[in-house]
Amino acid sequence: MIETTTFYFSRVLGRKVISQTGEVIGKLQDILVNVQFQKPQVVAIKIKSGNKSKIVDFNNFKILKVDRQYVFKCYGTCNILEGVMENTLYLKNNVLDRQLVDIDGRKLVRVNDLRLAMLASGTFVLAVDVGFEGLLRRLGVAKPVKLLLDIFKTTLPNKMILWDEVETVDFGHAGIKLSSPFSKLSTLHVSDLADIIEDMDAKMQTDIFASLDEEKAADVLEELETDTQIHVIESMPIEKAADVLEKMPADEVADIFDEMEEEKVEKLLSEMDSEASEDIRELLKYEDNEIGSLMTTDFISFSKNMTVEAAINELRSLKPESDTIYYLYIVDEKDRFIATVSLRDIIISQPETKLSEIMSDKSIYVTDTDNVNSITEIISKYNLLAVPVVDKDKVMRGMIIIDDIVYNLLRSSRRRI
Amino acid sequence: MDAVVKKKSIWRNIILFLAILGPGIITGSVDNDVGGITTYSVAGAEYGYNLLWTLIPAFIVLFVTQEMNARMGIVTGKGLADLIRENMGVKVTFFIFIFLLGADILNTMTEFSGVAGSMEIFHVSKYISVPLVAIGVWIMVVKGSYRIAEKIFLFFSLCLLVYIVAALMGHPDWKDIGKSMMKPEVETNFTYISMVIGVIGTTIAPWMQFYMQSAVIEKKLQIKDLKFSVLDVLVGCICTVVVAFFIIIACASTLHTNGTHINDASDAAAALEPLAGVLAAQVFAFGLFIASIFASVILPVATAFYVCEAFGFEAGIDKKWNEAPQFYWLYTAIIIISAGIILIPNVPLIQISLWSQRINGILLPVVLICMIIIVNKKEVMGNYVNKPISNIISWITIVILLALSATLVISLFQ
């Protein structure tokens with residue numbers, strides 16, 4: 001009889017659970033772990049005897065190897081636990097065979113097996129096995145296949161991922177309560193997170209968005225494909241959806257709303273704060289092929305009599321996004337477009353210089369009702385990163401950033417296939 | 001609620017329904033693949049209108065299972081392969097997918113044999129038609145996108161309606177048809193029973209369950225779409241049965257009346273020529289050709305997808321070759337093996353189609369039992385677990401299918 005140190009979860013499932021006197025209590029049905037710690041600690045086991053199963057405190061248990069088989073032995077009394085425990089997962093029911101996020105590899109993987117270790121301080125889950133060997137082990141043929149491959153001097157492809165580098169995401173309707181779910185996902189770059197979310201099923205997507213704060217949710221939402229965006233928005237409570245959408249650029253929101261049911265859009269718009277919803281309503285008026293449908297309404301404009309110093313102070317207090325800060329516009333008192341001024345020129349000029357002195361004299365702009373195709377030409381001809389958009393009275397309405405044009409080109413070429 | 005609002009909501013419902021339309025109808029149409037057409041043709045040629053009544057239980061079984069698939073897909077957002085892996089463990093999954101892979105390779109062979117047979121009616125050699133179709137199908141899946149494929153598929157579904165034309169060209173006796181539907185002369189001999197099993201069995205192939213569920217997920221349908229999706233399933237099931245009905249009639253009113261015996265669907269097309277004219281034969285062959293292409297587009301890619309999904313390999317036609325190598329290699333292998341074997345001279349086509357029926361027969365009850373277990377799990381389905389009534393119908397279906405499949409399997413192995 002030897003005490004074991006590390007073992008695979010699949011090797012202990014269904015093994016005997018015995019009392020101190022060696023009497024068989026039942027078979028191991030599942031293991032409960034507390035995921036609050038960095039490595040999940042085994043807190044209880046589920047034992048099946050006959051048709052009944054019970055959950056028993058793991059404190060007095062040791063895992064032994066008898067005749068090359070694992071046995072769970074209880075030293076002292078084994079306390080039966082009742083009720084739902086917070087921050088716990090069932091390894092078989094909630095982790096094994098399910099998908100989880102491989103943070104390092106930035107993708108969804110399926111759990112074939114789990115590696116556990118018994119230390120002085122307790123029993124912990126070390127790593128998840130997502131490789132082919134784990135699959136064969138579950139089928140009970142890993143050892144013979146290994147022996148066979150040994151003859152040919154090759155090994156099975158195996159892949160273990162440390163628990164620190166995975167995040168469980170698939171809880172279905174099991175009603176699991178975790179105090180900080182999905183916390184490791186926040187270390188991912190938003191576009192990686194968005195890619196992973198695209199691969200998830202609808203329920204996981206909903207759960208993850210419910211856990212993200214509004215800022216993060218808005219950033220991730222922006223990166224998703226339109227049909228996933230719609231699903232996510234429709235699955236959120238309307239107040240939260242509105243709050244998240246407020247944090248997104250108006251043109252992106254308008255693009256999503258174009259694809260949604262009118263009734264739902266109206267509800268969301270009336271829930272959003274008036275400033276954001278007005279911008280979006282403005283954009284929704286434009287037809288698909290009009291420049292206005294592509295433009296962003298976030299832009300920065302100054303009057304031409306302003307000094308460079310005042311302009312810089314204004315920028316400091318506005319803290320604009322990097323998309324909008326490079327191109328700054330000069331408008332008259334009726335918001336009519338006059339000229340462009342570059343961030344470079346503002347920075348290199350003396351503080352007391354008037355903006356009218358450094359603004360560029362040849363101004364290029366487009367009209368909001370022009371056809372979207374005309375913009376590509378202008379942008380490539382003048383080597384611009386952004387173009388101001390005005391209405392028929394020359395009042396400045398927004399600007400078009402090169403990103404949006406590239407996106408639009410990609411979309412139309414995709415349609416053409 | 002006043003009249004105007006009501007009228008508006010009817011329109012709204014129609015529009016919503018049209019948007020959701022697709023998965024059920026496509027699955028329903030792909031159901032009438034070469035195996036299906038063969039079974040219906042043989043049933044019509046051998047028993048005349050006598051077997052038409054079997055389409056009624058076939059319809060019920062088809063509807064019950066596909067409704068469950070649609071509901072599971074919408075509620076969980078997961079494919080059937082995922083759900084089986086997560087809820088039934090690796091061993092059951094392995095068993096199901098080894099058999100599914102085997103059955104589907106054989107099925108794909110029958111689809112390619114349908115291409116070969118139907119094109120021979122148009123005097124095109126199988127050594128030209130089969131490689132061309134195989135390459136075309138491969139390119140379409142690897143280079144195309146699902147959205148376009150779906151539109152093409154909906155068009156394909158319409159093409160299958162040519163069987164109505166083929167049937168009418170045989171001048172069927174409607175009074176006789178009505179009589180045998182209302183009061184069928186059920187025989188109790190062995191060949192009759194196995195024909196009944198054949199008709200019902202071919203209408204619900206196991207891989208269809210997987211396909212239906214992924215199609216629902218692919219469309220991103222949500223719980224609010226559930227009732228429309230059920231309607232879509234219903235329309236799809238009706239399409240399947242209507243097409244089957246007319247295939248049986250087409251063969252019954254010509255081949256059976258003249259006592260012609262046939263072995264497969266291209267036999268039926270060839271035999272129609274002297275009886276109903278060249279055009280009828282060509283219409284029949286055209287339908288067969290469409291059906292075989294339809295199924296040979298969907299079947300290999302779907303199979304590769306489910307196998308990878310179940311075992312955790314990356315899969316999907318939107319992934320690149322080096323992102324999902326197992327998926328693309330499996331897909332390519334299925335096409336090469338199936339098309340290659342059909343090109344072997346004197347390949348035993350009837351044996352191939354019998355073997356694919358046998359394996360399907362073993363597989364179907366297993367898949368259905370898994371489905372019933374999963375669809376009743378509260379932690380998977382939330383509030384959308386089966387209602388008692390669906391459970392009763394489902395279990396009756398399973399018991400009957402088990403009995404039918406067992407009989408079929410035993411009979412085929414004897």
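The numbers here are math on the coordinates, done by the rules we state, and not lab data. All of these numbers come straight from a predicted model, not from anything done at the bench. Cβ coordinates were reconstructed from backbone atoms using ideal geometry, including for glycine residues, and neighbour counts include every protein chain displayed.
Residues A:Ser380, A:Ser191, ranked from the fewest to the most other C-beta atoms within 10 Å, line up as A:Ser380, A:Ser191.
Residues B:Asp33, A:Asp255, A:Asp403, ranked from the fewest to the most other C-beta atoms within 10 Å, line up as A:Asp403, A:Asp255, B:Asp33.
Distance between the C-alpha centers of region B:65-107 and region B:154-187? Whole Å please. Each part reduced to its Cα centre gives a spacing of 33 Å.
Defining a contact as two alpha carbons under 8 Å apart and six or more residues distant in sequence, what relative contact order in percent does chain A show?
Values: 700 pairs, mean separation 37.9, N = 417.
Here the relative contact order equals 9 percent.
Here's how it looks for A:Val166: its modeled amide H is under 5 Å from those of A:Ile103, which are all 5 or more places away or on a different chain. Working note: Cα gyration tensor of region A:300-416, eigenvalues times five, square-rooted, sorted largest first, giving semi-axes of 28, 15, 12 Å. When the P(r) is computed for region A:2-90, the part past 19 Å accounts for 35% of the Cα-Cα pairs. Rounded to the nearest whole Hz, the Karplus-based 3J(HN,Hα) values (6.51 cos²θ - 1.76 cosθ + 1.60, θ = phi - 60°) of region B:56-61 follow the sequence 5, x, 4, 5, 4, 4, with x at glycine and proline. For the residue pairs A:Lys216/B:Lys91; B:Lys126/B:Lys183; B:Lys227/B:Lys377, the alpha carbons lie more than 31 Å apart in A:Lys216/B:Lys91; B:Lys126/B:Lys183.
Summing Cβ point charges (Lys, Arg +1; Asp, Glu -1) relative to the Cα centre of chain B gives a dipole of roughly 1300 debye.
Assign one of three labels to chain B, namely rounded, prolate or oblate, based on the Cα gyration tensor with a ≥ b ≥ c the square roots of its eigenvalues; rounded applies when a/c is under 1.5, prolate when it is not and a/b is larger than b/c, and oblate otherwise.
Working: a/c = 1.40, a/b = 1.20, b/c = 1.17.
Judged from the Cα gyration tensor, chain B comes out rounded (a/c under 1.5).
Given region B:221-349 reduced to its alpha-carbon atoms as identical point scatterers, what log10 I(q)/I(0) does the Debye formula return at q = 0.15, 0.17, 0.20 Å⁻¹? One equal scatterer on each Cα of region B:221-349 leads to -0.96, -1.04, -1.12. Quick one: Debye curve from the alpha-carbon atoms of region A:104-163 only, equal weights, vacuum; give me log10 I(q)/I(0) at q = 0.21, 0.26 Å⁻¹ to two decimals. Evaluating at q = 0.21, 0.26 Å⁻¹ gives log10 I(q)/I(0) of -0.86, -1.03.
The three principal axes of the C-alpha atoms in region A:346-414 carry coordinate ranges of 50, 28, 18 Å, sorted with the longest axis first. When the pairs A:Lys107/B:Lys319; A:Lys27/A:Lys107; A:Lys107/B:Lys220 are compared against a 23 Å limit on Cα-Cα distance, A:Lys27/A:Lys107 fall above it.
Suppose a student asked you for the relative contact order of region A:73-136, using Cα pairs under 8 Å spaced at least 6 residues apart; what percent would you report? Numbers along the way, then the final one.
Details: 61 pairs, mean separation 13.0, N = 64.
Normalised by residue count, the contact order of region A:73-136 is 20 percent.
Here's how it looks for A:Ala127: its modeled amide H is under 5 Å from those of A:Arg115, A:Trp163, which are all 5 or more places away or on a different chain.
Can you list the aspartates and glutamates whose alpha carbon is less than 18 Å from that of A:Lys381, not counting same-chain residues fewer than 8 positions off? In chain and number order, the partners are A:Asp361, A:Asp370, A:Asp403, A:Asp404.
Would region A:189-285 count as rounded, prolate or oblate if I go by the C-alpha gyration tensor, calling it rounded below 1.5 in a/c and otherwise prolate when a/b exceeds b/c, oblate otherwise? Prolate shape, in that a/c is at least 1.5 and a/b is the bigger ratio. Pair-distance distribution P(r) for chain A, from all Cα-Cα distances in 10 Å bins starting at 0: 4, 17, 20, 17, 13, 11, 9, 6, 2, 0 percent. Inter-part distance, region B:259-325 to region A:313-366, computed on C-alpha centroids, equals 64 Å. Between region B:193-246 and region A:118-164, the alpha-carbon centres lie 40 Å apart. Couplings 3J(HN,Hα) of region B:261-276, computed from phi: 9, 10, 9, 8, 5, 6, 4, 4, 4, 5, 6, 5, 4, x, 8, 10 Hz, in residue order, whole Hz [Karplus 6.51 cos²θ - 1.76 cosθ + 1.60, θ = phi - 60°; x for Gly and Pro]. In units of the rule-of-thumb radius 2.2 N^0.38 Å, the protein assembly as shown shows an alpha carbon radius of gyration of 1.13.
Cβ crowding within 10 Å ranks A:Thr369, B:Thr76 as A:Thr369, B:Thr76, fewest other Cβ atoms first. Within chain A, the longest segment free of exposed loop sites, counting GluC sites (Glu not before Pro) that fall outside DSSP classes H, G, I, E and B and have at most 16 other Cβ atoms within 10 Å, spans A:87-224. Cross-link reach is defined here as a Cα-Cα straight distance under 19 Å, omitting same-chain residues fewer than 8 places apart; for A:Lys16 the aspartates and glutamates meeting it are A:Glu3, A:Asp30, A:Asp57, A:Asp67.
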